[in-house]
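Reading through the structure tokens given below for one structure.
The numbers here are math on the coordinates, done by the rules we state, and not lab data. These figures come from a predicted structure and were not determined experimentally. Counting neighbours? That spans all protein chains shown, and the Cβs are built from the backbone with ideal geometry, glycine included.
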Amino acid sequence: MTIPFDQFPNENRRSPRVDGKGIKVEYYSTGNEASPTKAPVKNICFHGICICMPSISEGWKMIHMNIVPPGRTTPISATGSVVWYNMLEGDDYYNVGIEFQTISEEDQKWLEDYVKAISEK
């Protein structure tokens, strides 16, 4: 279920977020291109994505991602900067918030349309 963005008056995000169910992502840090890791997606919005990672290093400032939302056959290639992360008590992974830094205009438009369509359901 997606809750309308305007119901969160203290929300700092610039765009609504939707559940990451069904979205596939592979990520790697700069220098580790040969070993991408698959991760579950918690949520996604126009400007970023939250993924679940088993570990995170302080040196991971830039993340490279191939994102495949449902209904899309070619991945969205993007890089993003880690803007926050946390480990919730009892979890064995980190929730990692990544703000997109590079994404093609075409992919950005597709993502905006996808998020809008999901959030209007």
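Show me 33-40, 72-79, 46-53, 95-102 ranked by packing, highest mean number of other Cβ atoms within 10 Å first. Write down the numbers at each step before the final one.
On the way: 33-40: 11.9, 72-79: 14.8, 46-53: 20.6, 95-102: 18.1.
Descending mean neighbour count gives 46-53, 95-102, 72-79, 33-40.
Taking θ = phi - 60°, what integer Hz values does the Karplus form 6.51 cos²θ - 1.76 cosθ + 1.60 yield along the stretch 68-83, in sequence order, with x for Gly and Pro?
After applying 6.51 cos²θ - 1.76 cosθ + 1.60, I find 10, x, x, x, 10, 9, 9, x, 8, 9, 8, 10, x, 9, 6, 9 Hz.
Summing Lys, Arg as +1 and Asp, Glu as -1, what charge do residues with Cβ under 10 Å from the Cβ of HIS64 carry, HIS64 excluded?
Its environment carries a net charge of -2.
Would you kindly derive the ³J(HN,Hα) couplings of the stretch 98-109 from the backbone phi angles with the Karplus curve 6.51 cos²θ - 1.76 cosθ + 1.60 (θ = phi - 60°), listing them in order in whole Hz, with x for Gly and Pro?
10, 8, 4, 10, 10, 7, 5, 4, 4, 5, 4, 5
Cα to Cα, under 16 Å, and not fewer than 8 places away if on the same chain: which aspartates and glutamates meet these conditions relative to LYS116?
Hits, sequence-local ones excluded: ASP6, ASP19, GLU106, ASP107.
Determine the sum of side-chain charges near LYS109: Lys and Arg each +1, Asp and Glu each -1, restricted to other residues whose C-beta is under 15 angstrom from that of LYS109.
Result for the local shell: -3.
Please give me the summed charge of the neighbours of VAL25: other residues whose Cβ is under 11 Å from its Cβ, Lys and Arg +1, Asp and Glu -1. Working shown, then result.
Values: positive: LYS24, LYS38, LYS42; negative: GLU26.
So the surrounding residues net to +2.
Less than 19 Å from a label point 7 Å out along the Cα-to-Cβ axis of SER57: which backbone N atoms in the stretch 98-117 qualify, by residue?
98
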